[in-house]
Amino acid sequence: MKWNLGVFFGGASVEHEVSVISALQAIANMKGDTYEIHGIYITKDGRFFTGEGVKDIKNYKDIPALLQNSTQVTLVKDGGQVKLVELRPKRFRKPLEQVIDFAFPIVHGTNCEDGSLQGYFEVLGLPYAGCDVVSSAVGMDKVLFKQVMQQNGLPVVDGVAFYAREFAVSPDAIIEKIEALGYPVIVKPANLGSSVGIAKADNRAALIEKINLAASFAPKLLVEKAVTELREINCSVVGDAANCKASVCEEPVMSDEILSYSDKYQRGSGKSKSSGMASLDRIIPAPISEEKRDEICTLSCKVFKALGCNGVVRIDYLMDTDDNDKVYVNEINTIPGSLAFYLWEAAGVKYPDLLEEIIACGRKRQREKEQLMFTYDTNILEGGSFGAKGSKK
């Protein structure tokens, strides 16, 4: 008997469209031998829609029409099951009520990839693929991620973290700390992906301008010392904290000093924009030494385990060619664009097999979780009345 897999995508994120591309790529490559696939599209204002139409990329050219021809749903916990339930059932027709046994979130960016959606699944008790709430949240927050890397003795570039409101109140004090790093610097919103809001500053005037730009995307910011003689190298990891493996490495081709959103999703040797991260100009495998490749692959598994990741991730590195090709951990993508399938295909793993491994890791985590105790079979409220702070009167 087949079980039901819900693929969740879209969401209130600047990477909404990228999520749609990644998810529909994955759906097209899922084997579905033992499960039924249900696409659940999350609009930018947080509504859930399902139906056959949400699985066709052509329909996203006219989203109002797509929504008109789809069914708005919500998730409901009903006994031991989680169901997709039609929100506004029509008369004279049986309303949609579909059990979802397992969720596969393929979302990118804030309000989605940052643990928000994963937390929703946790509350419902719905098993899901990929990183959990903690690893997702830390992976999305560049400041927390850097701190975890430092605590684990993993190499990161020097930086200064602060809140936009702090800069508005005391800009000179923060600028002094940043300038101690030395120009040029890279200004980043702390919790966005796809290079959104990231810019280089070579002087104080540019620094202030770029900080204001980044502050329009996120309340917390990170400014890092720029690696001027830079090569960017990326590597993917799949598995769980107990058993993981690294892919081949890639070197993205940048049109500027920073790999931009346009580089990632709007370029690519004439390839379709609907190819997502797969359309990026890149060199696979990266033209680096065998020793450097082994170093990055080993480092990638350490990063993966330090965060307690699950499923597939992509880790981005900065290589300083002016310092003997020293490697720094830059950031992690806990749900990478296109699920980094292109790195695994280069390693001999077909995309459908990669998806099956991601699903298997999520189901394994659920089996392990079911062995843990989360509640006591007792009710202290039966014992009498209690004061405002819980003390018994």
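Does the range 12-34 hold any residues that are surrounded by 17 or more Cβ atoms within 10 Å (Cβ to Cβ) and either basic (Lys, Arg) or not in a helix (DSSP H, G or I) (or both), and which are they? Residues satisfying the conditions are 13, 14, 15, 30. For the range 162-195, a tally of residues being out of contact with any helix residue (DSSP H, G or I) (no Cβ under 6 Å at 6 or more places or on another chain), closer than 19 Å to residue 315 by Cα and not in a strand (DSSP E or B) returns 2. Consider residue 52 carefully, then state whether it is without any contact (Cβ under 8 Å) to a residue 24 or more places away in the chain, under 27 Å from residue 363 (Cβ atoms) and surrounded by fewer than 19 Cβ atoms within 10 Å (Cβ to Cβ). Answer is yes for this residue.
Within the span defined as the range 373-381, every residue fails to be modelled with pLDDT of 80 or more and either surrounded by 10 or more Cβ atoms within 10 Å (Cβ to Cβ) or basic (Lys, Arg) (or both).
Here residue 58 does not fit the description of being touching a helix residue (DSSP H, G or I) at 6+ places or on another chain (Cβ under 8 Å), outside any strand (DSSP E or B) and over 23 Å from residue 122 (Cβ atoms).
Taken as a whole, the structure leaves residue 107 outside the set of residues that are modelled with pLDDT of 95 or more and in a strand (DSSP E or B). Name every residue in the range 116-133 that is in a loop (DSSP other than H, G, I, E, B) and either under 19 Å from residue 238 (Cβ atoms) or not small (Gly, Ala, Ser) (or both), in order of residue number. Within the range 116-133, 126, 127, 129, 130, 131, 132 meet the criteria. Would you confirm, using the coordinates I've provided, whether residue 100 is over 20 Å from residue 21 (Cα atoms), touching a strand residue (DSSP E or B) at 6+ places or on another chain (Cβ under 8 Å), crowded, with 20+ Cβ neighbours inside 10 Å and not charged (D, E, K, R)? It is true that residue 100 is over 20 Å from residue 21 (Cα atoms), touching a strand residue (DSSP E or B) at 6+ places or on another chain (Cβ under 8 Å), crowded, with 20+ Cβ neighbours inside 10 Å and not charged (D, E, K, R).
Checked against (1) among the aliphatic types (A, V, I, L, M); (2) exposed (fewer than 14 other Cβ atoms within 10 Å of the Cβ); (3) over 25 Å from residue 21 (Cβ atoms), residue 65 passes all but a single condition, namely (3). If you go through the range 211-235 and pick out every residue that is assigned to a helix (DSSP H, G or I), over 21 Å from the mean Cα position of the chain (by Cα) and either closer than 30 Å to residue 283 by Cα or in the same structural domain as residue 327 (by TED's automatic domain parsing) (or both), you end up with 0. No other residue among 211, 198, 233 is of a type outside the set (D, E, K, R) and more than 23 Å from residue 300 (Cβ to Cβ) apart from 211.
Tell me, yes or no, whether the range 129-150 has at least one residue that is within 17 Å of residue 11 (Cβ to Cβ), hydroxyl-bearing (Ser, Thr, Tyr) and modelled with pLDDT of 95 or more. There is at least one residue in the range 129-150 that is within 17 Å of residue 11 (Cβ to Cβ), hydroxyl-bearing (Ser, Thr, Tyr) and modelled with pLDDT of 95 or more.
Here residue 71 meets each of (1) over 30 Å from residue 141 (Cβ atoms); (2) touching a residue at least 40 places away in the same chain (Cβ under 8 Å); (3) β-branched (Val, Ile, Thr) with one exception, condition (2).
If you go through the range 240-249 and keep only what is surrounded by fewer than 22 Cβ atoms within 10 Å (Cβ to Cβ) and either touching a strand residue (DSSP E or B) at 6+ places or on another chain (Cβ under 9 Å) or part of a strand (DSSP E or B) (or both), you end up with 240, 241, 243, 244, 245, 248.
Suppose the filter is on the phi < 0 side of the Ramachandran plot, of a type outside the set (A, V, I, L, M) and in a helix (DSSP H, G or I); does residue 356 pass it? Taking the combined requirement at face value, the residue satisfies it. Only residues that are of a type in the set (A, V, I, L, M, F, W, C) and either surrounded by fewer than 15 Cβ atoms within 10 Å (Cβ to Cβ) or outside the structural domain of residue 233 (by TED's automatic domain parsing) (or both) were counted in the range 327-372, giving 2. Go through the range 329-369 and give me each residue that's without any contact (Cβ under 8 Å) to a residue 40 or more places away in the chain and either under 30 Å from residue 225 (Cβ atoms) or small (Gly, Ala, Ser) (or both). Of everything in the range 329-369, those that are without any contact (Cβ under 8 Å) to a residue 40 or more places away in the chain and either under 30 Å from residue 225 (Cβ atoms) or small (Gly, Ala, Ser) (or both) turn out to be 348, 360.
Results for (1) free of Cβ contacts under 8 Å to residues at least 60 places away in the same chain; (2) among the β-branched types (Val, Ile, Thr); (3) under 30 Å from residue 325 (Cβ atoms); (4) not in a helix (DSSP H, G or I), shown as yes or no for each residue.
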position	(1), (2), (3), (4)
64	yes, no, no, no
75	yes, no, no, yes
98	no, no, no, yes
114	no, no, no, yes
135	no, no, yes, no
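The values are calculated or read from the model by the stated rules, or taken from the named source; none is laboratory data. All figures in this text were calculated on a predicted structure; none of them were measured in a lab. Don't worry about glycine lacking a Cβ; one is built from the backbone with ideal geometry, like all the others, and counts go over all protein chains shown.
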